[in-house]
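*Asks:* Have a look at this one.
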Amino acid sequence: MKQSYYPQEIEKKWKKYWEDNKVFKTENDNGKPKYYALSMFPYPSGKLHMGHVRNYTITDVIARFKKANGFNVLHPIGWDSFGLPAENAAMKHNADPEKWTDENIAYMTEQLKMLGLSYDWDREVTTCKPDYYKWTQWIFLQLYKKGLVYKKEAAVNWCPSCGTVLANEQVIDGKCWRCDSEVEKKYLSQWFVKITEYADELLTDLDLLTGWGDNVKTMQANWIGKSHGAIFRFPVVDAPSGEKMEVPVYTTRPDTVYGITYLVVAPEYKDIEKLTTEENKKAVEEYRANARKMSEIERLSTDRTKTGVPLGTHCKNPFTGEIFPLWTADYALVEYGTGAVMAVPTHDTRDFDFAKKYNLPMKVVIQNPDNPSNCENEAYVDDGILVNSGEFNGMKNTQAKKAITQKAVDEGFGEFKTQFRLRDWLISRQRYWGAPIPVVYCDKCGIVPVPEDQLPVLLPKDVDFSVVGKSPITTSPTFKDTVCPVCGGHATREPDTMDTFICSSWYYLRYADANNDKECFNKDIVNKWLPVDQYVGGIEHAILHLLYSRFFTKALRDCGLLDFDEPFKNLLTQGMVLKDGSKMSKSKGNTVDPDEIFENYGADTARLFILSDSPPARDFDWSDAGVEGCYKFLNRVWRLVASNAENISHDVIACPHSVAIQTTDKANDDLIRTVHMQIKGITNDITNEFQFNTVISKYRELVNSIYDWLGKKPELNEEDKNVLSFAIVSMLKLMSPVAVYLTEEAWHELGGEGSIHDQPWCKWDENLAKSSSITMVVQINGKVKDKIEVDAEISKEDMEKQALESDKIKELTDGKSIIKVIVVPGKLVNIVVK
RNA sequence: GCUCCAGUGGCGGAAUCGGUAGACGCGUUGGACUUAAAAUCCAAUCGGGGCUCAACCUCGGUGCCAGUUCAAGUCUGGCCUGGAGCACCA
């Protein structure tokens with residue numbers, strides 16, 4: 001065996017061997033229980049970055065660990081390959097986005113293989129290939145049939161830089177999630193997916209996801225935003241047209257209804273013109289025009305300084321008979337509730353600010369009995385007792401919510417209402433590089449879905465990518481015109497493509513049955529593999545991808561395509577990879593290229609380091625010194641194996657845990673115990689929360705223990721050789737999920753049969769996984785005063801006895817009275833004295 | 001403003017049930033080997049105080065203030081700081 005460690009040589013050899021022999025191919029059924037380990041699939045941007053390396057290494061170690069522990073493991077990979085960067089690259093060079101994408105996939109595939117990831121490449125899925133997007137389109141049609149897809153004219157978010165609309169989830173602080181441009185509002189007819197129909201289930205089923213972090217679950221819960229309240233309808237008393245009108249409002253504070261002093265409708269409110277008097281028309285029109293011109297950003301930045309104008313008309317409060325004015329103000333949002341708000345300045349901070357500014361009246365209706373407030377300086381928004389509220393006076397406001405709404409129900413001007421903040425998912429994109437929406441517009445029949453046997457609707461190739469301001473798809477001379485599948489007359493194709501998040505909402509299902517050309521996936525196979533046992537990916541997908549995928553699973557379940565409710569049983573959101581304290585990015589110039597690490601130190605070093613310094617969920621700070629340290633450690637491991645290769649017993653290699661090793665000296669006994677302890681510790685650390693950083697600490701401890709042992713053994717007898725073999729072979733297996741190449745090479749050099757990655761995981765003996773003696777701590781009044789080395793099996797009584805007999809303790813307790821002695825078996829004795 | 005997460009040496013972090021705070025590593029310092037360097041190996045490394053130095057002894061210490069307990073990094077209450085998400089959602 002070579003005495004020096006040459007990772008580059010070893011790694012290229014095994015990479016080719018694993019690839020040629022399809023070592024990581026997964027059968028759908030091999031009699032073992034299933035385990036599905038999944039990383040969020042990458043966008044083929046060109047090269048892997050360290051975030052990918054971290055993500056895929058974590059999942060890979062989990063997959064290998066589960067495989068060694070007797071599971072049939074599904075560990076696939078694919079490409080989220082539709083999307084704008086490919087199209088932008090194409091437009092820049094007037095080239096084909098497909099070519100750009102294919103080249104990137106080819107390069108990144110080599111990088112993934114170099115990293116030693118145990119994927120079943122036969123299940124590779126590429127969302128931009130017709131054999132995949134055919135089924136994306138098919139699923140679209142199933143949702144259409146179910147009434148979960150519809151087209152409507154709506155105010156939508158438009159990114160001028162990307163030249164397309166965006167879903168609400170893709171607008172971050174009023175800016176485009178991808179390019180950071182300010183998003184504009186546009187009125188367009190677009191396709192929507194009715195995710196709101198599942199709002200309640202998406203919320204309540206979060207409780208089923210015990211394997212998800214609370215942070216992600218709260219983010220989703222907040223996004224869905226369920227609230228309970230009431231709708232009240234206020235009759236308009238002086239509509240200019242003279243017609244009978246009413247304004248409905250949604251409120252979560254029906255208990256404050258006696259305190260209404262005005263009412264606000266959004267500038268975009270549909271009946272606003274009919275509610276405006278001739279005198280106020282000009283001012284209202286101006287205000288509305290101004291609101292329309294303002295971008296989302298400006299509307300947000302007007303935070304706290306509220307503006308508005310009166311409409312001139314009035315409503316009647318059916319509870320009190322009071323008449324109050326109608327206003328329009330942009331703090332009322334047209335998309336939420338009814339687009340109108342009942343204003344109670346005394347008990348709502350926004351209404352309070354507005355009323356102060358425009359000198360509108362206020363009326364206190366909720367009082368804190370212990371600390372009454374007249375709400376002159378601020379709104380009182382907490383719970384209290386109703387006052388000035390007619391028959392409800394004296395009632396607790398929490399009860400009054402129900403009682404007051406009930407009165408509105410009984411008298412016919414209101415009802416109970418549950419409201420969600422979640423909006424329907426806008427999926428049309430005015431771009432080329434996506435799955436075409438499989439719909440045609442017939443001159444006679446209107447909207448007609450493409451029949452399933454005509455799928456896929458292929459992306460046209462005869463397009464001009466140099467166009468600006470419109471989708472390249474519209475430049476195709478052959479794509480647009482077609483025949484109506486119903487009447488055979490002239491029809492035009494839908495030019496929009498689907499949001500790529502549609503493609504990524506079902507890829508994890510396709511992996512189960514990736515090569516099926518008859519259906520999107522076989523129901524039985526999907527039911528067998530899913531749900532995903534462990535999903536690993538970035539926290540940035542906490543809302544977008546994870547919410548959409550949960551919705552898709554539920555919708556496809558209701559289409560009869562599968563039989564489970566949630567796609568991802570356990571979710572690990574890994575932290576970011578930082579360098580010098582900030583996120584790695586090209587603009588900051590603090591990126592580290594994985595290729596360079598592979599070239600200089602090898603993939604095993606990269607894998608070891610990326611797992612070593614932080615627990616997976618926390619951010620990870622990349623340091624060159626840390627890489628160096630990991631490389632040195634692997635060298636140390638290699639030297640340990642290489643310099644002792646001739647002392648390794650073949651019987652032990654063949655069956656390390658069945659050879660009973662007799663120990664006749666303490667050093668040997670201690671090393672055996674250490675190995676058992678480390679097997680137990682490492683196994684538990686991986687099982688509990690995937691604490692790979694402590695796993696790696698334990699690798700180091702184990703290696704240090706073996707070196708220490710060797711230091712005590714200038715010459716090795718037969719027993720020593722068996723003990724050493726057991727320690728080294730166990731160490732290699734324990735390290736094999738992380739240092740995949742080094743351990744495989746060492747295993748072969750030592751004469752092991754087959755692949756170390758097919759060897760079962762190490763077992764430990766509970767009796768051997770503890771040391772023969774323990775350090776008993778003796779405290780006085782909770783402070784450590786002495787440590788005594790005692791036998792591990794010592795009884796409680798003996799512990800107390802030995803503690804009290806210690807010279808040091810005797811001295812310290814001399815002249816004091818012992819009140820109590822607490823004995824924690826196997827740990828410590830605490831003596832309470834006065 | 002609301003919600004969630006976090007706060008431990010010079011640094012990354014460890015501490016399973018409340019039971020020895022600082023595992024393991026990085027860095028630093030000293031030493032061995034070497035003509036020299038690299039590599040490697042060994043040792044020290046939370047702070048204050050005591051002792052001429054050292055071994056050693058002693059006190060303090062996990063963001064801050066209280067509390068519960070024989071015992072608190074860990075539990076409870078209140079704050080402070082940082083990060084993330086949502087944000088005029090009625």
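The values are calculated or read from the model by the stated rules, or taken from the named source; none is laboratory data. Keep in mind the model is a prediction, meaning the values are calculated, not measured. Here the Cβ is made from the backbone with ideal geometry for all residues, glycine too, and neighbour counts use every protein chain on show. Heavy atoms of the whole protein, side chains included, go into the accessibility calculation; ligands, DNA and RNA do not. Shrake-Rupley method; radii C 1.70, N 1.55, O 1.52, S 1.80 Å.
*Asks:* Conditions: (1) under 22 Å from A:HIS676 (Cα atoms); (2) in a strand (DSSP E or B); (3) open to solvent by 80 Å² or more (accessible area, probe 1.4 Å). A:THR775 meets all but one. Number of the miss?
*Replies:* (3)
Table: residues versus (1) at positive phi; (2) free of Cβ contacts under 8 Å to residues at least 60 places away in the same chain.
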{"position": "A:LEU202", "(1), (2)": "no, no"}
{"position": "A:LEU209", "(1), (2)": "no, no"}
{"position": "A:VAL216", "(1), (2)": "no, no"}
{"position": "A:HIS228", "(1), (2)": "no, no"}
{"position": "A:GLY242", "(1), (2)": "yes, yes"}
{"position": "A:ARG253", "(1), (2)": "no, no"}
{"position": "A:LYS270", "(1), (2)": "no, no"}
{"position": "A:GLU273", "(1), (2)": "no, yes"}
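*Asks:* If you don't mind, another one. Of the residues A:LEU804, A:LEU812, only one is open to solvent by less than 70 Å² (accessible area, probe 1.4 Å), without any contact (Cβ under 8 Å) to a residue 40 or more places away in the chain, aliphatic (A, V, I, L, M) and within 8 Å of RNA strand B (Cβ to nearest atom); which?
*Replies:* Just one listed residue meets the conditions, A:LEU812.
*Asks:* What is the residue count in the stretch A:448-477 for residues that are touching a strand residue (DSSP E or B) at 6+ places or on another chain (Cβ under 6 Å) and either farther than 28 Å from A:GLU519 by Cα or not in a loop (DSSP other than H, G, I, E, B) (or both)?
*Replies:* Residues in the stretch A:448-477 being touching a strand residue (DSSP E or B) at 6+ places or on another chain (Cβ under 6 Å) and either farther than 28 Å from A:GLU519 by Cα or not in a loop (DSSP other than H, G, I, E, B) (or both): 2 in total.
*Asks:* Determine if the stretch A:580-599 includes at least one residue that is on the phi > 0 side of the Ramachandran plot, open to solvent by less than 30 Å² (accessible area, probe 1.4 Å) and more than 13 Å from RNA strand B (Cβ to nearest atom).
*Replies:* No, the stretch A:580-599 contains no residue that is on the phi > 0 side of the Ramachandran plot, open to solvent by less than 30 Å² (accessible area, probe 1.4 Å) and more than 13 Å from RNA strand B (Cβ to nearest atom).
*Asks:* Anything in the stretch A:815-830 that is more than 14 Å from A:VAL790 (Cα to Cα), open to solvent by less than 70 Å² (accessible area, probe 1.4 Å) and of a type outside the set (Val, Ile, Thr)? List them, or say none.
*Replies:* Residues satisfying the conditions are A:SER817, A:ASN830.
*Asks:* Being part of a loop (DSSP other than H, G, I, E, B) and surrounded by 15 or more Cβ atoms within 10 Å (Cβ to Cβ), is that true of even one residue in the stretch A:628-637?
*Replies:* No: zero hits.
*Asks:* Report those helices (runs of 4 or more DSSP H) wholly inside the stretch A:49-143 carrying at least 2 residues which are within 24 Å of A:GLY163 (Cα to Cα) and open to solvent by less than 40 Å² (accessible area, probe 1.4 Å).
*Replies:* Passing ranges, in order: A:84-93, A:97-114.
*Asks:* Out of all the residues in the stretch A:722-736, is one or more open to solvent by 20 Å² or more (accessible area, probe 1.4 Å) and either assigned to a strand (DSSP E or B) or away from RNA strand B (no atom under 16 Å from the Cβ) (or both)?
*Replies:* Yes: one or more hits.
Okay, residues lined up against (1) more than 28 Å from A:TRP191 (Cβ to Cβ); (2) modelled with pLDDT of 95 or more; (3) buried (at least 23 other Cβ atoms within 10 Å of the Cβ); (4) more than 14 Å from the chain's Cα centre (by Cα):
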| site | (1), (2), (3), (4) |
| --- | --- |
| A:SER505 | no, yes, yes, no |
| A:ASN516 | no, yes, no, yes |
| A:GLU519 | no, yes, no, yes |
| A:ILE525 | yes, yes, no, yes |
| A:LEU530 | no, yes, yes, yes |
| A:GLY538 | no, no, no, no |
| A:HIS541 | no, no, no, no |
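*Asks:* I'd like the full set of residues that are open to solvent by 100 Å² or more (accessible area, probe 1.4 Å) and without any contact (Cβ under 8 Å) to a residue 24 or more places away in the chain, limited to the stretch A:14-43.
*Replies:* Listed by number, the residues that qualify are A:LYS16, A:TYR17.
*Asks:* Would you say A:LEU166 is closer than 28 Å to A:PRO42 by Cβ, buried (at least 18 other Cβ atoms within 10 Å of the Cβ), within 16 Å of RNA strand B (Cβ to nearest atom) and free of Cβ contacts under 8 Å to residues at least 40 places away in the same chain?
*Replies:* Criteria not met by A:LEU166.
*Asks:* Continuing with this model, one more query. Restrict the check to the stretch A:752-766 and report whether at least one residue is loosely packed, with under 14 Cβ neighbours inside 10 Å, more than 42 Å from the chain's Cα centre (by Cα), assigned to a loop (DSSP other than H, G, I, E, B) and of a type in the set (Gly, Ala, Ser).
*Replies:* Within the stretch A:752-766, none of the residues are loosely packed, with under 14 Cβ neighbours inside 10 Å, more than 42 Å from the chain's Cα centre (by Cα), assigned to a loop (DSSP other than H, G, I, E, B) and of a type in the set (Gly, Ala, Ser).
*Asks:* Pairs please, first residue from the stretch A:346-371 and under 15 Å from A:ALA329 (Cα atoms), second anywhere and among the basic types (Lys, Arg) and surrounded by 17 or more Cβ atoms within 10 Å (Cβ to Cβ), Cβ atoms under 6 Å, 6+ apart in sequence or on different chains.
*Replies:* Pairs found: A:ASP353/A:LYS306; A:PHE354/A:LYS306.
*Asks:* Among the residues of the stretch A:189-196, is any modelled with pLDDT under 95, over 22 Å from A:PHE552 (Cβ atoms) and surrounded by 18 or more Cβ atoms within 10 Å (Cβ to Cβ)?
*Replies:* Looking for residues that are modelled with pLDDT under 95, over 22 Å from A:PHE552 (Cβ atoms) and surrounded by 18 or more Cβ atoms within 10 Å (Cβ to Cβ), one finds none in the stretch A:189-196, hence no.
*Asks:* Is it the case, given these coordinates, that A:LEU571 is at pLDDT 90 or above, over 12 Å from the mean Cα position of the chain (by Cα) and not in a helix (DSSP H, G or I)?
*Replies:* No: the conditions fail for A:LEU571.
*Asks:* Please state which one of A:THR136, A:THR126, A:THR210, A:THR218 is away from RNA strand B (no atom under 16 Å from the Cβ) and over 15 Å from A:PHE552 (Cβ atoms).
*Replies:* A:THR126 is the lone residue from the list that is away from RNA strand B (no atom under 16 Å from the Cβ) and over 15 Å from A:PHE552 (Cβ atoms).
*Asks:* Please determine, by comparing only the residues of the stretch A:234-261 that are within 14 Å of RNA strand B (Cβ to nearest atom) and open to solvent by 40 Å² or more (accessible area, probe 1.4 Å), which one is nearest to A:PHE319 (Cα to Cα).
*Replies:* Among those that are within 14 Å of RNA strand B (Cβ to nearest atom) and open to solvent by 40 Å² or more (accessible area, probe 1.4 Å), it is A:ARG253.
*Asks:* Looking at the stretch A:608-618, which of its residues are more than 6 Å from RNA strand B (Cβ to nearest atom) and open to solvent by 40 Å² or more (accessible area, probe 1.4 Å)?
*Replies:* The one that is more than 6 Å from RNA strand B (Cβ to nearest atom) and open to solvent by 40 Å² or more (accessible area, probe 1.4 Å): A:ALA617.
*Asks:* Report yes if some residue within the stretch A:643-657 is in contact (Cβ under 8 Å) with a residue 24 or more places away in the chain, more than 27 Å from A:ASN767 (Cβ to Cβ), within 8 Å of RNA strand B (Cβ to nearest atom) and touching a helix residue (DSSP H, G or I) at 6+ places or on another chain (Cβ under 9 Å); otherwise report no.
*Replies:* For the stretch A:643-657, residues in contact (Cβ under 8 Å) with a residue 24 or more places away in the chain, more than 27 Å from A:ASN767 (Cβ to Cβ), within 8 Å of RNA strand B (Cβ to nearest atom) and touching a helix residue (DSSP H, G or I) at 6+ places or on another chain (Cβ under 9 Å): absent.
*Asks:* Name the one entry in A:THR683, A:THR674, A:THR605 that is more than 8 Å from RNA strand B (Cβ to nearest atom), modelled with pLDDT of 90 or more and within 16 Å of A:ALA746 (Cα to Cα).
*Replies:* Only one candidate passes the filter, namely A:THR605.
*Asks:* Hey, another quick one. Among (1) at pLDDT below 95; (2) open to solvent by less than 50 Å² (accessible area, probe 1.4 Å); (3) over 17 Å from A:ILE661 (Cβ atoms), where does A:GLU749 come up short?
*Replies:* Status for A:GLU749: all satisfied but (2).
*Asks:* Among the residues of the stretch A:686-701, which ones are more than 10 Å from RNA strand B (Cβ to nearest atom) and free of Cβ contacts under 8 Å to residues at least 60 places away in the same chain?
*Replies:* Within the stretch A:686-701, no residue meets the criteria.
*Asks:* Then there is this: Does the stretch A:452-459 contain at least one residue that is over 18 Å from A:LEU84 (Cα atoms) and in contact with a Ser or Thr (Cβ under 9 Å, 6 or more places away or on another chain)?
*Replies:* So far as the stretch A:452-459 goes, yes, one or more of its residues are over 18 Å from A:LEU84 (Cα atoms) and in contact with a Ser or Thr (Cβ under 9 Å, 6 or more places away or on another chain).
*Asks:* Looking only at the stretch A:386-417, how many residues end up being touching a helix residue (DSSP H, G or I) at 6+ places or on another chain (Cβ under 7 Å) and either modelled with pLDDT of 95 or more or open to solvent by less than 80 Å² (accessible area, probe 1.4 Å) (or both)?
*Replies:* 13
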